[in-house]
Protein chains: 2
Amino acid sequence: MLSPTSVPRIVIVGAGFGGLAAASELGSLRAEVTVIDRRNHHLFQPLLYQVATAALSPADIAAPIRSVLRDQSNTRVLLDEVVGVDRAARKVRTRSGTELDYDLLIVAAGSEYNYFGHNDWRLFAPALKSIEDAQAIRRNVLLAYERAEMEPDAEARERLLTFVLVGAGPTGVELAGALAELARAALVRDFRRIDPKHTRIVLVEAGPRILAEFPERLSAFAHRALERMGIEILVGSPIEQIEASGVVVNGRRIQAATVIWCAGVKAVPVAQWLDLRPAKSGKIEVGPDLSLPADENVFVIGDAAFCRGHDGKTLPGLGAVAKQQGEYVGRLIAGRLRGETTNKPFHYNDQGTLATIGRHSAIANLPWIKLTGTPAWLLWGVVHVYFLIGFRNRAAVFLNWVWAWLTYARGARLIIGEQQTNGWHSIVPQQHEKAVTHE
Amino acid sequence: MLSPTSVPRIVIVGAGFGGLAAASELGSLRAEVTVIDRRNHHLFQPLLYQVATAALSPADIAAPIRSVLRDQSNTRVLLDEVVGVDRAARKVRTRSGTELDYDLLIVAAGSEYNYFGHNDWRLFAPALKSIEDAQAIRRNVLLAYERAEMEPDAEARERLLTFVLVGAGPTGVELAGALAELARAALVRDFRRIDPKHTRIVLVEAGPRILAEFPERLSAFAHRALERMGIEILVGSPIEQIEASGVVVNGRRIQAATVIWCAGVKAVPVAQWLDLRPAKSGKIEVGPDLSLPADENVFVIGDAAFCRGHDGKTLPGLGAVAKQQGEYVGRLIAGRLRGETTNKPFHYNDQGTLATIGRHSAIANLPWIKLTGTPAWLLWGVVHVYFLIGFRNRAAVFLNWVWAWLTYARGARLIIGEQQTNGWHSIVPQQHEKAVTHE
């Protein structure tokens, strides 16, 4: 594969859980490792909903990729975006026009939200994938209350205080719980004309139950817990229409100023880069060692990989899967470079999944036990803080949480940025055409 | 002035240091108090440069206005922008089309940066006034390093690593120090091709010395300390031209990708709202009780007020002045409503001024002593943390500082947002016309 005298060039596309895990396995090799990401930061996505609901600051859940990798002298970081791969010439092409030669390529480029053919809905129902998304959602949620406070018309007020979440996977459920907390606790004494307690939160799910990836008992527990928090849940209810004024579901119109899309992901256009036919949801089918069946020098891991577990089921798009795949590929490459020829296939070690439901409840589906309520919530807190990259983040997140928990306050409740970004319709009242300027 | 049976309506424009101080004096009155601000947050402006240089998160230095005032049941908060005042009809008109009746009006609308007739410079040299400004500057400073790391041409690299600060008041000096720290400590091991230590920081000042508002001895100390940090200082050097490629000063061109404007402020268009002729820098001349000579029901305080101290000198645009003026006007109004007729004029109690110079040095000009170096820096830290509104902010800022000080790390080093906002020229390399999208 490689001439034994050359220093192998390994390119990793994406610095999410998978890419960083692979990079860190390769850190002490005699190799030239390049990590490309279009962001300068690794994002701890499982907590993004807390930024969107003003509990955490962006810096609490993100770390500069350069800092994470600064002690690996064989590794450089490029802030750039991949636009294509020439597998014959073994080159990665980027947005800036750079061409990077590789001997081995690890594609860990992640996923994006899937509107299932309704890309026009994106305008009215943004998804939660990046820090900008989270800040835009935070801004628009907080502005909805501000506008409602000024709104004389009762019906318009009701529309402003209605939030619809499309999709009841972990993101939809955790957002619903956090929005309910924000409304019923953090904001409760801040307004004079409206009562944020009257916020209506509707969780819409096409499938027969929420949190379908959890066992039925746990998802039933979560369902009851959310309803006790005042959240309306519509299951078996595919969304029919999304527009500026709200949504249509089960043939009925729900007037809502804020609609957030939490309904499924697809891989970024990796198949197009690699010139391959995608499997389900744009993912790339990989072999047992996570390399392409047609090209042993290209690996695909994480959300972009279509990969079956030992039970034959497709592996879910979880950070834990991506991380283990990154570690596996990193070790495999290290072994190959040492001349080893072990071909032990990738095996996902499922350590369980967790989802929170508001202030002190959660569900946990662990291999050895299923937990609900406070014990699951405590476990969730410990696990998430522990896995955050970097001590500082851990301390700041912990401090924020303890403080928020004690006071019900929201530390990051700032409305920042332009009124119209990210495809949101403006919800700030403006008499004149001219936009409100900052200066 | 008021019929004794009516509940007086007091409108406060602006929730900066002055507006909030006035509001809090009025909190227990039998009155209808309305605070209008175009932001939902009070901003602790003296620390904004720390957000711009990635040491603090926006939420660390800002607090939602509603939270600050939530316990004052006679006070409501409006997120809106004033566009005019009808003094005859005693109405405030806002951007959203609302007309607010007032019996007493307190204008505490603050200041904005003054480009002294060169508004075209704003495009290339943004100022630091809002959280968005700070985030844009942070993004562009960090992107300059990213781009330099990718840049093959030595001259272009040098331009990317040159930062010019126009104006050597406290903001310019503190930014210069913080940028030098960022370059020489926080980023130092993060890059492979460039050495951030070679960052060139140029502080350009039209007047004869930096920090002109401090005594000469202190400003000379700061000058030497900044030079020891490697910062180039050009005094007596009015800026002649600012364009995309850099600046012209003393007839010489300095190639610089990042130019930041720190050179003087003017009042927001308060004179226009009030239909009055402005005094210097757009400010409104007020009487000894801070009301308009022509209208005793309208007060102007803070940066928007032109006001002389007991020594005849104009009061500076400091948070401390605005705060004391707000307290004074609040108490004056409370007295008037109780039927008192004291006419004690406003007196500014100067408790001193401080400016930091990087990692553990500062200057302090106090009424009873002048401090330099570490003692001044310690005083500065204590004072600033103490004055931050809200305990949580205090704790988070303290934690961030201790951590940053121990590790030289920067917690908030995220590049967030669109590539082109706030008038910055794009510094991300793009081969294609199409902008890099987030999704």
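Taken together, the values in this text are just the output of simple stated rules run on the coordinates, not laboratory data. Nothing here was measured: the structure is a model prediction, and the numbers come from that model. Counting neighbours? That spans all protein chains shown, and the Cβs are built from the backbone with ideal geometry, glycine included.
When the Karplus curve 6.51 cos²θ - 1.76 cosθ + 1.60 is applied with θ = phi - 60°, which whole-Hz ³J(HN,Hα) does each residue of region A:280-285 get, with x for Gly and Pro?
For region A:280-285, the Karplus curve yields 4, 6, x, 7, 9, 6 Hz.
Could you give the length gained by full extension between A:Ala212 and A:Ala156, i.e. 0.36 nm per residue of separation minus their alpha carbon distance, to one decimal place?
Numbers: separation 56, 0.36 × 56 = 20.16 nm, distance 3.43 nm.
That works out to 16.7 nm of additional length.
On a 21 Å Cα-Cα criterion, which of the cross-link pairs A:Lys197/A:Lys370; A:Lys129/A:Lys283; B:Lys323/B:Lys344; A:Lys129/A:Lys323; B:Lys129/B:Lys266; B:Lys323/B:Lys370 come out too long? Please list the in-between numbers first.
Details: A:Lys197/A:Lys370 32 Å; A:Lys129/A:Lys283 18 Å; B:Lys323/B:Lys344 17 Å; A:Lys129/A:Lys323 18 Å; B:Lys129/B:Lys266 12 Å; B:Lys323/B:Lys370 23 Å.
Pairs exceeding the cut-off: A:Lys197/A:Lys370; B:Lys323/B:Lys370.
Filter the GluC sites (Glu not before Pro) in region A:273-344 down to the DSSP loop ones having no more than 15 other Cβ atoms within 10 Å, then list what survives.
Numbers: sites: A:Glu285, A:Glu296, A:Glu327, A:Glu340; in loops: A:Glu340.
Counting only loop positions with at most 15 other Cβ atoms within 10 Å, the GluC sites (Glu not before Pro) in region A:273-344 are A:Glu340.
Would you please give the residues with an amide H less than 5 Å from that of B:Thr162, counting only those at least 5 places away or on a separate chain, with H modeled from the backbone geometry?
HN-HN under 5 Å from B:Thr162: B:Arg200, B:Ala257, B:Thr258.
If you put a point 7 Å past Cα along the Cβ direction, how far is that point for B:Val188 from the same point in each other copy, in nm, smallest first?
5.1
Given the rotation that superposes chain A on chain B, what residue of A brings its beta carbon nearest the axis, and what is the distance in Å?
It is A:Ser57, 2, counting Cβ atoms only.
Hey, with R₀ at 30 Å, roughly what FRET efficiency would B:Asn250 and B:Arg228 work out to, going by the Cβ-Cβ distance, to 0.05? It would help to have the intermediate numbers written out before the result.
Numbers: r = 23 Å, r/R0 = 0.76.
Once rounded, the FRET efficiency stands at 0.85.
Taking H as built 1.01 Å from N, whose amide H comes closer than 5 Å to the amide H of A:Gly84, not counting residues under 5 places away?
A:Arg93
How crowded by other chains is B:46-57, given as the mean number of beta carbons from other chains within 10 Å of each beta carbon?
Partner Cβ neighbours, averaged per residue: 1.
By the scheme Lys and Arg +1, Asp and Glu -1, what is the net charge of all other residues having a beta-carbon under 14 Å from that of B:Gln324?
On the way: positive: B:Lys323, B:Arg331, B:Lys344; negative: B:Glu25, B:Asp289, B:Asp303, B:Glu327, B:Asp350.
Taking every Cβ under 14 Å from that of B:Gln324, the sum is -2.
Amide H to amide H under 5 Å from A:Gly309: which residues, 5+ apart in sequence or cross-chain, H placed 1.01 Å off N in plane?
Amide H to amide H, under 5 Å and 5 or more residues apart or across chains, A:Gly309 pairs with A:Thr314, A:Leu315.
For helix B:216-228, what angle does its Cα long axis make with the longest principal axis of chain B, in degrees from 0 to 90 and rounded to 10?
30
With only alpha-carbon pairs counted, each pair once and no self-pairs, how large is the Kirkwood hydrodynamic radius of region B:119-263 in angstroms? Intermediate values should be presented prior to the final figure.
Values: mean 1/r = 0.0650 Å⁻¹.
When all Cα pairs of region B:119-263 are included, the Kirkwood radius is 15.4 Å.
Give a residue-ordered list of calculated ³J(HN,Hα) values for region A:186-195 (Karplus: 6.51 cos²θ - 1.76 cosθ + 1.60, θ = phi - 60°; whole Hz; x for Gly, Pro).
My calculation for region A:186-195 gives 4, 8, 4, 9, 8, 10, 9, 9, 9, 10 Hz in order.
With angles folded into 0 to 90 degrees, how steeply does helix A:170-181 sit against the dominant principal axis of chain A? Use alpha carbons for both and round to 10.
Rounded to the nearest ten degrees, it is 30.
Starting from the Cα gyration tensor of the protein assembly as shown, take the square roots of the eigenvalues, sort them a ≥ b ≥ c, and report rounded, prolate or oblate (rounded when a/c is under 1.5, otherwise prolate if a/b is larger than b/c, else oblate).
oblate
Sum -39500 (n - 2.57) across every DSSP H segment of at least 4 residues in the protein assembly as shown, then divide by the residue count to get the 222 nm mean residue ellipticity, nearest 500.
Working: 22 runs with 250 residues, N = 878.
One gets -8500 deg cm²/dmol as the mean residue ellipticity at 222 nm.
Taking the label point 7 Å from Cα in the Cβ direction, how far apart in nm is A:Pro208 from each other copy of itself, listed shortest first?
8.7
Using a label point 7 angstrom from Cα along Cα-to-C-beta, what distances in nm, from shortest up, separate A:Gln272 from the other copies?
4.5
Could you tell me what percent of the DSSP beta bridges with both partners in the protein assembly as shown are antiparallel, to the nearest 5? Can you show the working numbers first?
On the way: 62 of 126 bridges.
Percent antiparallel among DSSP bridges in the protein assembly as shown is about 50.
Over all Cα pairs of chain B, how is the pair count split among 20 Å bins, expressed in % and running from 0 up to the last occupied bin?
Calculated P(r), rounded to whole percents: 24, 54, 20, 1.
When a/c is below 1.5 the answer is rounded, else prolate if a/b is larger than b/c, else oblate, so apply that to region B:31-120 with a ≥ b ≥ c taken from the square roots of the Cα gyration tensor eigenvalues. Don't skip to the answer; put the middle values down first.
Values: a/c = 2.84, a/b = 1.33, b/c = 2.13.
Oblate shape, in that a/c is at least 1.5 and b/c is the bigger or equal ratio.
Just subtract the alpha-carbon distance of A:His347 and A:Val385 from 0.36 nm times their residue separation and send over the number in nm, one decimal. Before the final figure, lay out each step's value.
Working: separation 38, 0.36 × 38 = 13.68 nm, distance 2.58 nm.
Value of the extension gain: 11.1 nm.
Could you go through region A:319-325 in sequence order and give the Karplus-derived ³J(HN,Hα) for each residue, using 6.51 cos²θ - 1.76 cosθ + 1.60 with θ = phi - 60°, rounded to whole Hz, and x for Gly and Pro?
My calculation for region A:319-325 gives x, 5, 5, 4, 4, 5, 5 Hz in order.
Have a look at the DSSP beta bridges in region A:119-263 and tell me what percent are antiparallel, nearest 5. Intermediate values should be presented prior to the final figure.
Values: 8 of 21 bridges.
In region A:119-263, approximately 40 percent of DSSP beta bridges are antiparallel ones.
To check you understand DSSP bridge types, tell me what percent of the beta bridges within chain A (both residues inside) are antiparallel, rounded to 5. Let's see the in-between values first.
Working: 31 of 63 bridges.
Of all bridge pairs located within chain A, approximately 50 percent are antiparallel.
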